[in-house]
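Student: Let me give you the structure first, and then I'll get to my questions.
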Amino acid sequence: MKIELAKSYGFCFGVRRAIKQAEKTKNAATIGPLIHNNDEITRLKKDFNVNTLSDISELKDEKKVIIRTHGITKDDLQVLKDSKREIIDATCPFVKKPQEIVEKMSNEGYEIIIFGDVNHPEVKGVKSYANTNVYVVLSEKELESIKFSNKVALISQTTKKIEQFIQIANYLILKVKEVRVFNTICDATFKNQEAVKNLAMKNDIIIIVGGKNSSNTKQLFLIAKEYCKDSYLIENEDEVCKKWFENKNNCGVSAGASTPNWIIDKVIKKIESFNLN
Ligand code: SF4
């Protein structure tokens with residue numbers, strides 16, 4: 001069995017930066033997971049006493065709060081500032097950007113359209129910066145029933161697929177007089193997506209490693225599946241199954257932007273331990 005890693009995979013700039021900040025800060029809390037990878041969150045708790053709270057209401061005596069890579073809502077940020085706690089802002093700059101765009105465009109009277117998952121923390125945060133109408137959609141179909149004003153601004157969740165974003169932009173351009181389009185899909189996501197596509201085209205089994213709650217990991221998995229039907233999404237080596245590899249010769253491996261190398265290494269070791277020819 002030949003194992004090939006994607007040309008670009010795993011930890012992105014934003015996640016690396018957030019982990020460094022958390023390790024340096026120590027003894028702090030995050031509102032929601034710092035990154036979308038359970039094993040890495042457990043390591044940060046064990047080694048650096050960085051605790052994950054599910055909601056801002058759970059804050060008690062914590063003196064230091066780290067803002068996760070996906071950011072938080074404008075209201076939650078204000079609550080933190082008012083509480084006079086020390087704030088360590090690990091919001092990825094690529095997530096800060098759409099927050100700023102939404103605030104600016106909204107202040108200029110544009111309605112906002114976000115291509116993304118309405119329940120994703122990044123989208124919730126970005127959305128909170130609007131004071132005009134905001135619509136969160138996953139396809140142009142969802143726009144059909146909406147009556148827009150004559151100026152709209154379109155942005156994307158950072159981890160979405162560019163092709164779908166373009167489809168939505170094209171649809172809006174035909175329907176609305178003035179459309180401002182901001183491609184806020186982050187570069188790391190784009191590179192990992194291109195790389196997994198190439199990988200899936202030339203291998204007969206693909207393993208994607210990453211958190212099941214990670215949007216960019218899911219996206220990698222969907223792309224892989226498009227080009228290689230035997231694609232699997234796993235969180236760690238415990239989920240690797242020997243029978244997936246029967247009659248396969250070439251295995252491609254990629255990982256989401258929140259997946260640390262130590263997990264990827266364990267997955268590869270597990271595959272190698274099967275001693276497949
Ligand atoms: S995937 Fe992109 S937007 Fe998300 S944390 Fe990484 S660099 Fe930032």
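The values are calculated or read from the model by the stated rules, or taken from the named source; none is laboratory data. Bear in mind that the values here come from a model prediction, so they are computed numbers and not experimental data. We place every Cβ from the backbone using ideal geometry, glycine too, and count neighbours over all the protein chains shown. For accessibility, only protein heavy atoms count, side chains too; no ligands or nucleic acids. Shrake-Rupley method; radii C 1.70, N 1.55, O 1.52, S 1.80 Å.
Student: With the condition kept exactly as written, say whether any residue in the range 264-276 is open to solvent by less than 40 Å² (accessible area, probe 1.4 Å) and closer than 17 Å to Asn192 by Cα.
Tutor: The answer is yes; a qualifying residue exists.
Conditions tested, residue by residue: (1) at pLDDT 95 or above; (2) open to solvent by 50 Å² or more (accessible area, probe 1.4 Å); (3) β-branched (Val, Ile, Thr); (4) under 30 Å from Phe148 (Cβ atoms).
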residue	(1), (2), (3), (4)
Val15	no, no, yes, no
Glu23	yes, yes, no, no
Ser54	no, yes, no, no
Ser57	no, yes, no, no
Gly71	yes, no, no, yes
Gln78	yes, yes, no, yes
Lys96	yes, yes, no, yes
Glu103	yes, yes, no, yes
Pro121	no, no, no, yes
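Student: Still on this structure: If only one of Leu199, Leu222 is in a helix (DSSP H, G or I), in the same structural domain as Ala257 (by TED's automatic domain parsing), open to solvent by less than 30 Å² (accessible area, probe 1.4 Å) and hydrophobic (A, V, I, L, M, F, W, C), which one is it?
Tutor: Leu199
Student: Identify all residues within the range 75-99 that are within 16 Å of the ligand (Cβ to nearest atom) and under 20 Å from Val50 (Cα atoms); write none if there are none.
Tutor: Ile88, Asp89, Ala90, Thr91, Cys92
Student: Starting from the range 151-177, keep only residues that are of a type in the set (A, V, I, L, M), then list their pairs with residues that are within 16 Å of the ligand (Cβ to nearest atom) and open to solvent by 40 Å² or more (accessible area, probe 1.4 Å) whose Cβ atoms are within a distance under 8 Å, requiring at least 6 positions of separation or different chains.
Tutor: From residues that are of a type in the set (A, V, I, L, M), the pairs are Ala153/Phe182; Leu154/Phe182; Ile155/Phe182; Ile162/Asn183; Ile162/Phe190.
Student: Can you tell which of Ile41, Ile67 is farther than 24 Å from Glu163 by Cα, within 19 Å of the chain's Cα centre (by Cα) and open to solvent by less than 20 Å² (accessible area, probe 1.4 Å)?
Tutor: Ile67
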